[in-house]
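This report concerns only the one structure given below.
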C-alpha cells in the first residue's frame, strides 16, 4: 500500500531522523514510536506528501489517504456538521451520511454548535470523524490519542480495528502512553539524527 | 499521493470551497466590513484635508479612489490563506489530491467576491463624493471591475510566499505594492482620459489583457508559493 526505502528528510541541512524503510501492506498497522522531538510528525508529513523527502523513494499505491495531525483543520466559525459536510463535498469520493458519522464519534449532542465552543477532546473527535466520512485506504494518524478521554481512546481503537479488518492500512505515530492492540502491528522505533 | 488514484470531482471541490469561504466570510462580518469602511474613511478624508474645491477633487478623484482601493485590498489580502494555513486545512487540501492551483483559484475568486466586489459596487458613490464628472464615472467603475480581480490574483502570490512568517502582513505590502503600480497607472490613465474627453478604450484593453494574464498565471504561482511555505 505504501512503501518507503531509505527515506530521509533534512531541515537546514541536518537530517531530522535516521533513514526509514518499510513496506506497509493491507490490514497492517505501522506503529511509529519514539521520544519527543525525534521526528515522528515530520516523518508522517513526509509520508503524507506534504513534505518532500530529501533522499529515498516513497511509493504510494493506496486508494485515498486520510491524515489527522496536530492541526485539526477545523473551522471555529463553522458548526461540527458544517465542517464535516464541507470536507465530504470537497473530497467528493463516495461518502457516508454526515449525521451517522457524527453519532459514531459521539458528537451527536453538539453537532449544531460552532466548533469554537468545543473542548479539545471534542475537536479531536471531530477531526477523527473525517476518517470515517470518505473511503480512504490509508490512514496517517499523528498522536490520535492526545486530548481524548478513556472512551475516546477506545473509540479510536475500535475505528482502527474495523478499518484494518476491512483491509485498510494505517500508520500511527505515538509517544507511547497507549498502544493500539492489533495483531498485525509492526513496531517502528524512530531515532533522530543522521544515520549511525 | 498515489499517482493512479483519482480524487472526487474538481467542480464539486471548487464549489464546496467557494461556498464554505462565503459562509465563513458571512460569519466574520466585522472582518468583512473593515476594508470597506477603511475605503470610505480614506476617501472622505481627502476633501477635509485638501479643501472642498470641486475642480481639484475631480482632478485627483481617479488616483485617490484607486489608491484607496489598493490599500483596502492589501488590508484584506492576509486573510486569503492565513486561517487555512494555521489550522491545518491547507495540509488537508494538499493530501486531498486536488490540484492546489484550482484550490488557490477558488480562494482568490472568493476573496474578490468578498473584498473586491464591494469596492466596485461602492465606486459610483465614491466617485460622486469626489465630484467626478458623470461621463467618466462609468469608466471608473469598469476599471475597478477589471482591476480589482488583478489585485486579488497578484496579491495571492505574495500571500502564499509570506504566509509562514509570523508577521508576514508587513512584508506582504512591500512585496505587492510595486506589482500593483502598472495597474494603478493604466486604470487612472483611463479615467483621466475619459474626463478629458480623450479615447480611453486602449487602457481598458490593457487592463483586460492584464486580467487574462493574471487569471491564467497567478493561481499557478500562488500554488507554488503555498507549497514552499508548507515545507
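What the table below lists for this structure:
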quantity	calculated
Efficiency of FRET between residue A:70 and residue B:38 - r from beta-carbon atoms, R0 25 angstrom, step 0.05	0.10
Label-zone membership for segment A:12-34, site residue A:61, 7 angstrom Cα→C-beta point, backbone N under 19 Å	A:21-30
Cα pair count fraction exceeding 27 Å, expressed as % - segment B:1-128	36 percent
Selected from A:12, A:67, A:145 as most flexible by GNM, with chain A as the system and alpha-carbon contacts under 10 Å	A:12
Size of the protein assembly as shown as Cα extents on the principal axes (Å, biggest first)	84, 49, 35
Diffusion constant of segment A:13-100 at 25 °C, which comes from Stokes-Einstein with the Kirkwood Cα-pair radius and 0.890 mPa s, µm²/s	154 µm²/s
Pair residue B:27, residue A:179: separation of 7 Å Cα→Cβ label points (nm)	3.9 nm
Value of relative contact order over segment A:66-162, rounded to a whole percent, pairs C-alpha under 8 Å and six or more apart	40 percent
Computed [θ] at 222 nm, helices only, for the protein assembly as shown once each DSSP H run of length n ≥ 4 contributes -39500 (n - 2.57)	-19000 deg cm²/dmol
Listed residues B:50, B:60, B:150, most fluctuating in chain B (Gaussian network, C-alpha, under 10 Å)	B:50
In nm, spacing of pseudo-spin labels at residue B:165 and residue A:117 (7 Å Cα→C-beta vector)	3.9 nm
Cα Rg, Dmax, segment B:152-197, angstrom units	14.5, 48
Euclidean distance between Cα centres, segment B:18-95 to segment B:157-231, Å	14 Å
Compactness index (Cα Rg / 2.2 N^0.38 Å), chain A	1.02
Antiparallel bridges, percent of DSSP beta bridges restricted to the protein assembly as shown (to nearest 5)	40 percent
Rg and Dmax of segment B:10-230, Cα atoms only, in Å	17.9, 58
Computed label-point distance, nm, for sites residue B:220 and residue A:13 using a 7 Å Cα→Cβ extension	3.3 nm
Most fluctuating residue given options A:109, A:96, A:88, as computed from a GNM of chain A linking Cα atoms under 10 Å	A:109
Relative contact order of segment B:10-230, defined on C-alpha pairs under 8 angstrom at six or more residues apart (%)	26 percent
Cα long-axis angle, helix B:168-195 against chain B (0 to 90 degrees, to the nearest 10)	40 degrees
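Rule-based calculations on the coordinates, nothing more; no lab input. Since the structure is predicted, the reported quantities are computational estimates derived from the model, not experimental observations. Neighbour counts run over all protein chains shown; Cβ positions are idealised from the backbone, glycine included.
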